[in-house]
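Single-structure report; data block below.
The values are calculated or read from the model by the stated rules, or taken from the named source; none is laboratory data. Keep in mind the model is a prediction, meaning the values are calculated, not measured. Note that each Cβ is placed from the backbone with ideal geometry, even for glycine, and that neighbours are counted across all protein chains shown. Side chains are part of the model used for accessible areas, which takes the heavy atoms of the whole protein and leaves out ligands, DNA and RNA. Shrake-Rupley method; radii C 1.70, N 1.55, O 1.52, S 1.80 Å.
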Amino acid sequence: MGSYEFLAGSYDALTLDVDYPRWADYVEGHFRRLKRPVETVLDLACGTGSLTYELSGRGYTLTGVDLSADMLSLAEEKCRGLENRPQFFCQGMEALRLPGRVDACVCCLDSVNYVLQPQKLRRAFRRVYEHLEPGGLFLFDADTPEKLESMDDQIFLDETEDEYCVWRGEYSFRRRVCSFWMDVFRREGNVWRRGEELHEEFAYTMDELEAYLKEAGFTDIKRFGELKFRAPKAGEQRVFFRAVKG
């Protein structure tokens with residue numbers, strides 16, 4: 001089974017530890033530091049739309065894009081009651097095609113690592129650049145190679161009353177890819193259903209990501225620690241990038 005098919009139905013329950021209001025606060029902090037106002041925002045790889053929902057509720061006009069139709073159906077349901085309802089599109093980020101430009105694009109929770117081919121990620125960065133207004137902001141985070149390498153041969157467990165997920169990490173130095181083999185069990189009435197999924201992340205170096213941004217045309221490129229407004233420290237496992245369309 002492909003990524004986020006069976007898992008989509010349990011994703012929100014299994015990620016309750018993600019503090020989306022805090023992530024939205026951080027995103028807004030970068031918006032405030034921009035030299036132009038931000039009104040329209042693209043949430044790239046929006047998943048089930050939790051961050052989309054949070055930012056829409058704060059008055060921004062949101063567009064959500066994700067490759068998983070299963071995740072997008074949950075995002076649409078989640079945002080249905082909003083006065084300022086987002087638009088959603090099912091697309092890969094390297095094939096991004098929107099009806100207009102936006103003031104800012106955010107791509108959160110190591111979604112760029114899910115693009116396993118560097119050429120595709122380079123195309124994705126170019127597509128983001130083309131869809132930003134002049135002076136627009138691109139903000140994203142990435143897992144570091146050190147983090148992905150450290151997950152080799154590790155076993156993880158997430159559970160709630162109605163969901164149970166056990167997953168194992170396997171890192172390939174040759175491929176520079178960390179594979180996560182997941183067994184997901186979900187209670188549906190009196191029955192437990194089981195799904196198996198494979199998720200993979202590519203270990204991009206931070207220098208590679210900055211080079212791709214420059215190649216796409218971005219300027220004023222800066223790196224930050226996890227949900228911080230300072231430079232990353234040694235050993236930090238998640239790094240944020242902020243870049244501006246010149």
Cα centre as origin, Lys/Arg/Asp/Glu Cβ charges: the stretch 162-244 dipole, Debye: 280 debye
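If the convex hull of the alpha-carbon atoms of the stretch 74-186 is projected onto planes in all directions, what is the mean projected area in square nanometres?
Values: hull surface 38.6 nm².
Over all viewing directions, the stretch 74-186 projects a mean Cα-hull area of 9.6 nm².
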Counting only residues 5 or more places away or on other chains, whose amide H sits under 5 Å from the amide H of residue 132 once H atoms are built in the peptide plane? 102
Taking θ = phi - 60°, what integer Hz values does the Karplus form 6.51 cos²θ - 1.76 cosθ + 1.60 yield along the stretch 136-148, in sequence order, with x for Gly and Pro? x, 9, 10, 10, 8, 10, 9, 6, 7, x, 4, 5, 5
With +1 on the Cβ of every Lys and Arg and -1 on the Cβ of every Asp and Glu, the dipole magnitude of the chain about its Cα centre, in debye rounded to the nearest 20, is 1280 debye
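With a 1.4 Å probe and every protein chain left in place, work out the accessible area per residue of the stretch 119-246 in Å², rounded to a whole number.
For the stretch 119-246, the solvent-accessible area averages 51 Å² per residue.
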FRET efficiency for residue 190 and residue 17, using Cβ-Cβ distance with R0 set to 25 Å, rounded to 0.05: 0.30
So, by mean Cβ neighbours within 10 angstrom, what's the order for 40-47, 161-168, 201-208, 12-19 with the highest one leading? 40-47, 201-208, 161-168, 12-19
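Quick one: net charge around residue 163, please, counting Lys, Arg +1 and Asp, Glu -1 for every other residue with C-beta under 9 Å from its C-beta. Working shown, then result.
Values: positive: 186, 187; negative: 158, 159, 161, 162.
Once all neighbours under 9 Å are counted, the net charge is -2.
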Once amide H atoms are built 1.01 Å from N in the peptide plane, which residues 5 or more positions from residue 46, or in another chain, come under 5 Å H to H? 65, 66
How high is the FRET efficiency from residue 234 to residue 211, r the C-beta distance, R0 25 Å, rounded to 0.05? 0.75
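Going by the alpha-carbon gyration tensor, a ≥ b ≥ c the square roots of its eigenvalues, is the chain rounded (a/c under 1.5) or, if a/c is not under 1.5, prolate (a/b greater than b/c) versus oblate? Each step should come with its number before you reach the end.
On the way: a/c = 1.76, a/b = 1.24, b/c = 1.43.
Oblate is the answer for the chain, as a/c is 1.5 or above yet b/c matches or exceeds a/b.
Which of rounded, prolate or oblate describes the stretch 101-246 when judged by the alpha-carbon gyration tensor and an a/c cut-off of 1.5? Can you show the working numbers first?
Details: a/c = 2.20, a/b = 1.78, b/c = 1.24.
Note, shape of the stretch 101-246 comes out prolate.
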Sorted on mean Cβ neighbours within 10 Å (highest first), peptides 104-113, 180-189 come out as 104-113, 180-189
Taking a ≥ b ≥ c as the square roots of the eigenvalues of the Cα gyration tensor of the stretch 148-217, is the shape rounded (a/c under 1.5), prolate (a/b larger than b/c) or oblate? prolate
Please report how far the C-alpha centroid of the stretch 108-145 lies from that of the stretch 60-85, rounded to the nearest whole angstrom. 20 Å
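Only Cα pairs under 8 Å and at least 6 apart count here; give the relative contact order of the chain as a rounded whole percent.
On the way: 515 pairs, mean separation 45.6, N = 246.
The normalised contact order for the chain reaches 19 percent.
Taking all protein chains as present, what is the carbon and sulfur share of the accessible area of the chain, in % to the nearest whole number, probe 1.4 Å? Before the final figure, lay out each step's value.
On the way: 5610 of 11940 Å².
The value for the chain is 47 percent carbon and sulfur by accessible area.
Go ahead and estimate [θ] at 222 nm for the chain from helices alone: -39,500 (n - 2.57) per DSSP H run with n ≥ 4, summed, over the residue count, rounded to 500. Could you put the intermediate results ahead of the total?
Details: 7 runs with 66 residues, N = 246.
Here the helix-only value at 222 nm equals -7500 deg cm²/dmol.
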